[in-house]
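The values are calculated or read from the model by the stated rules, or taken from the named source; none is laboratory data. None of the values given here were measured: they were computed from a predicted structure. Here the Cβ positions follow ideal geometry from the backbone for every residue, glycine too, while neighbour counts run over all protein chains shown. Keep in mind that these areas ignore ligands, DNA and RNA; they rest on the heavy atoms of the full protein, side chains included. Shrake-Rupley method; radii C 1.70, N 1.55, O 1.52, S 1.80 Å.
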Amino acid sequence: MRVLIAGAAGRDFHNFNVLFRGRADVEVVAFTATQIPNIEGRVYPAALAGSLYPDGIPIRPEAELGRLVEAERVDEVVFSYSDVSHEQVMHVGSRVLAAGSDFRLVAPRSTELVSMKPVVAVCAVRTGAGKSQTTRYVARLLRDAGRRVAILRHPMPYGDLARQAVQRFARYEDLDEADCTIEEREEYEPHLAEGNLVFAGIDYAPILAAAEQEADVILWDGGNNDTPFIRPDLHIVVADPHRPGHELRYHPGETNLRMADVCVINKVDSASPEDIDAVAASITAANPKAQIVLAASPVEVHGDAAAITGKRVLAVEDGPTLTHGEMAYGAAVLAARAHGAASLVDPRPFAVGSIAEALRAYPHVAELLPAMGYGRRQMEDLRETIARSDADLVLIGTPIDLRRLIELDKPALRVTYRLEEIGGPALAGLLTHHGVIESPRASVVAG
């Protein structure tokens, strides 16, 4: 059977590793890639693909999907990326079917690894729902209970794939040695700041084995709205009342919602009661067994918040949340409004290079700047865009302090979120109720 895997440099590699690597009856002719810049045109290396692929596996743009199906006589296309609308999934499927191939969605259970340690997974219905701050909150609860925690982060393979096969991060210097991008640092640095040990990479069976050597509990930190790579004992899914209805309209976010043991409705401090109720109704209808936990995401300005008042502010927000996450604001915008900024600066007249391209591709992003940083060139484009702007003050609403990576020539303040449960620490009790400290089990790959 000849297979093509449609992905975005993450879930697609995991699906290959678990489902197809080493199978003589299947030939994976290519990956296609979207969402992430500069991924296509590369090769999934032989060191990871295995002996059946001495030249590796090519990675092509998704725009070539139909032509590749026909030219490579593909029997099956496996859809393997996340945070896309149900409609978009079937647009891809229609292209595949019309070109003559079967179109496959893989069940989460088919690719979940099973750990010998208790596992908590934190996932979401959309990117930007507050999953990362929820993961850090859960990690703190586990540490307070005396558990050694290893964070397994969803893959972010933007560099040398063979070198990134298994990654371990305990210090900021480890990020420097791995030449991590802004996108990677945004996920890893906040964990390191709280004393968490982070594992990531490409090949999750050895990643999991390495983490199990150093932890009592495995905490899966999902990417986008993808499902877990590790089978959880407690599956926590975060929903966003600023985007009511999205919990049932995006893949595989709805799958996460239907699998969840617990659904955290986040950001209730800044959402309307009607939208909170709408999300709660969706959860109850789709997964009546899930326990609902309400949480706030209070915004904190690090520094003199009074400096915002009356200023023309350039709000820099998390890139993926704004782009394919479709949010129109984040922590920096909320802080600007709360502290009396005179106005938000529109970055579009000042944008250069890949930042200008991103703003054109996502027209809903207007008076705020997405912190795109998938590589050195894009980081330089971001720095120059900020420098060219006529803002009085830069508000950094990204998960990391950009000043650690790029030099800013304007005054800047950092803005962060944290998770705050409403009505009591329900998650602490649920960690015990769902047996995340139960006796070890044998580590296997689930089929």
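When Val84 is tested against (1) within 30 Å of Ala150 (Cα to Cα); (2) aliphatic (A, V, I, L, M); (3) without any contact (Cβ under 8 Å) to a residue 60 or more places away in the chain, just one condition goes unmet, and that condition is (3). Filtering segment 23-34 for residues that are closer than 27 Å to Ile355 by Cα, open to solvent by less than 60 Å² (accessible area, probe 1.4 Å) and of a type in the set (Gly, Ala, Ser) leaves a non-empty set. With respect to the conditions (1) touching a Ser or Thr at 6+ places or on another chain (Cβ under 8 Å); (2) over 21 Å from Tyr417 (Cα atoms); (3) of a type in the set (Val, Ile, Thr), Ile283 lacks only one, and its number is (1). Looking only at segment 395-447, residues that are polar (S, T, N, Q) and modelled with pLDDT of 80 or more come to 3 in all. Taken together, the residues in segment 98-131 that are closer than 27 Å to Leu65 by Cα and in a strand (DSSP E or B) amount to 4. Residues in segment 384-394: is at least one of a type in the set (Asp, Glu), at pLDDT below 80, out of contact with any Cys (no Cβ under 9 Å at 6 or more places or on another chain) and over 30 Å from Asp160 (Cβ atoms)? So far as segment 384-394 goes, no, none of its residues is of a type in the set (Asp, Glu), at pLDDT below 80, out of contact with any Cys (no Cβ under 9 Å at 6 or more places or on another chain) and over 30 Å from Asp160 (Cβ atoms). Those strands (runs of 3 or more DSSP E) of segment 286-354 in which at least 2 residues are open to solvent by less than 60 Å² (accessible area, probe 1.4 Å) and modelled with pLDDT of 95 or more, considering only elements entirely within it, cover 291-296. Test Glu194 against the stated conditions and say whether it is open to solvent by 30 Å² or more (accessible area, probe 1.4 Å) and under 22 Å from Asp318 (Cβ atoms). Answer is yes for this residue. Are any of the residues in segment 33-49 at pLDDT 95 or above and more than 22 Å from Ala165 (Cβ to Cβ)? Among the residues of segment 33-49, not one is at pLDDT 95 or above and more than 22 Å from Ala165 (Cβ to Cβ), which makes the answer no. Counting only residues that are within 27 Å of Gly130 (Cα to Cα) and open to solvent by less than 40 Å² (accessible area, probe 1.4 Å), segment 386-407 holds 11 of them.
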